[in-house]
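The values are calculated or read from the model by the stated rules, or taken from the named source; none is laboratory data. All values reported here derive from a predicted model rather than from experimental measurement. Please note: Cβ atoms are built from the backbone with ideal geometry, for glycine as well, and neighbour counts cover all protein chains shown. Only protein heavy atoms, including side chains, enter the accessible area calculation; ligands, DNA and RNA are left aside. Shrake-Rupley method; radii C 1.70, N 1.55, O 1.52, S 1.80 Å.
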Amino acid sequence: PFHDDKTPSLVVSPKKNLWHCLGKCQAGGGVIDWVMKCEGVSFRHAVELLREGAPLGENRAKKGTVPKLTPPVSLDADDAALFEQVVAYYHRSLIEEPAALHYVVEKRGISRAAIDHFRLGFCNRTLGLRLPQSNRTEGAAVRARLQKLGLVRESGHEHFRGRVTIPLKDEQGAVVSMYGRVVLDNLRAGTPDHLYLPGPHKGVFNLDGIKGASEVILCEALIDALTFWSAGFKNVTSSYGVEGFT
């Protein structure tokens with residue numbers, strides 16, 4: 001399927017789940033390698049296609065501009081709804097990502113109740129794979145709006161890629177900002193552990209929990225505040241760092 005050939009040359013071994021082309025390309029590998037070559041996509045994209053059971057074998061190594069994965073956001077949603085939909089997508093991604101979930105629960109001591117209550121998430125760099133390409137009208141429009149919100153950078157990469165995310169709300173309960181913390185410790189030198197959206201800090205963490213409280217526990221970091229909440233101290237909030245008061 002990868003090049004013109006007049007004689008049988010592709011060997012597939014179902015028992016080993018491997019394939020090899022004995023023709024001029026000499027390509028081979030496993031299931032993910034097959035999807036990468038057939039669909040002309042990256043490793044991560046191939047994994048998502050297989051995980052979702054998307055239809056395969058139509059592109060014949062030509063990169064299509066219409067995603068086969070269902071978009072997690074409404075292309076015509078307003079900014080507030082778009083923000084909420086990204087938060088929901090990141091939350092699902094955290095629940096489905098064992099390594100990120102292990103970091104949050106086991107390494108940082110944050111309860112599953114806190115994860116659900118504050119809708120913690122994980123940016124696994126798959127949001128863009130589910131959006132129409134930027135050379136299509138609807139793709140360019142939704143990507144521009146995500147960039148305006150700060151969730152996508154000018155390069156097209158997600159702002160919080162590889163990070164656990166914590167959404168932050170205003171007094172009306174709308175998501176207005178987000179914080180991200182790296183999960184892995186093997187990233188290139190200079191990668192910041194802590195990351196917020198561009199611009200001034202917005203929102204107050206756990207505002208409902210501190211309203212009317214006679215005593216408030218103020219933590220420097222959001223993850224520290226989440227550990228207090230997980231331990232039963234609900235009257236806790238965070239200053240977003242030593243210079244982070246809003």
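Across bins of 5 angstrom width beginning at 0, how are the C-alpha pair distances of the range 76-115 distributed, in whole percent?
Reading upward from the zero bin: 6, 23, 23, 18, 13, 10, 6, 2.
Given H placed on each backbone N at 1.01 Å, which residues far from residue 159 in sequence or on other chains put an amide H within less than 5 Å of it?
Residues meeting the criterion, in which the H sits 1.01 Å from N, are 152, 153.
Would you indicate which of [x] 1.12; [y] 1.47; [z] 1.07 is the value of Rg/Rh (Cα atoms, Kirkwood Rh) derived from the coordinates of this structure?
Checking each listed value against the structure points to [z].
In degrees from 0 to 90, rounded to the nearest 10, what is the angle of the helix 137-149 Cα long axis to the longest principal axis of the chain?
30
Got a number for carbon plus sulfur as a percent of the range 102-246's accessible area, 1.4 Å probe?
Details: 3820 of 7640 Å².
Result for the range 102-246: 50 percent of the exposed heavy-atom area is carbon or sulfur.
Quick check on the chain: of the DSSP beta bridges with both residues there, what percent are antiparallel, nearest 5%?
Numbers: 19 of 22 bridges.
Here the antiparallel bridges make up roughly 85 percent for the chain.
Quick query: amide H of residue 10 versus all other amide H atoms, modeled in the peptide plane; which residues come in under 5 Å with a sequence gap of 5 or more or a different chain?
Under 5 Å from the amide H of residue 10 lie the amide H atoms of 22, each far enough along the sequence or on another chain.
Taking only protein heavy atoms into account and a 1.4 Å probe, give the accessible area per residue of the range 1-156 in Å². Present the calculation step by step, with values, prior to reporting the outcome.
Values: 8880 Å² over 156 residues.
Spelled out: the 1.4 Å probe surface of the range 1-156, per residue, equals 57 Å².
If I model a spin label at residue 52 and residue 74 as a point 7 Å from the Cα along the Cα→Cβ vector, what separation in nanometres do I get?
About 1.9 nm separates the two model spin labels.
Residue 15 to residue 125: FRET efficiency via 1/(1 + (r/R0)^6), r the Cβ-Cβ distance, R0 30 Å, to the nearest 0.05? Each step should come with its number before you reach the end.
Working: r = 33 Å, r/R0 = 1.11.
That gives a FRET efficiency of 0.35.
Mind jotting down the distance between the C-alpha centroids of the range 167-214 and the range 30-53, whole Å?
33
Considering the Cα positions of the range 70-186, please state its Rg to one decimal place and its Dmax as a whole number of Å.
Considering the range 70-186 through its Cα atoms, Rg and Dmax are 14.2, 44 Å.
Pull out the extension gain between residue 243 and residue 42, defined as 0.36 nm times the separation in residues minus the alpha carbon to alpha carbon distance; nm, one decimal.
Taking 0.36 nm per residue and subtracting the Cα distance, the gain is 68.4 nm.
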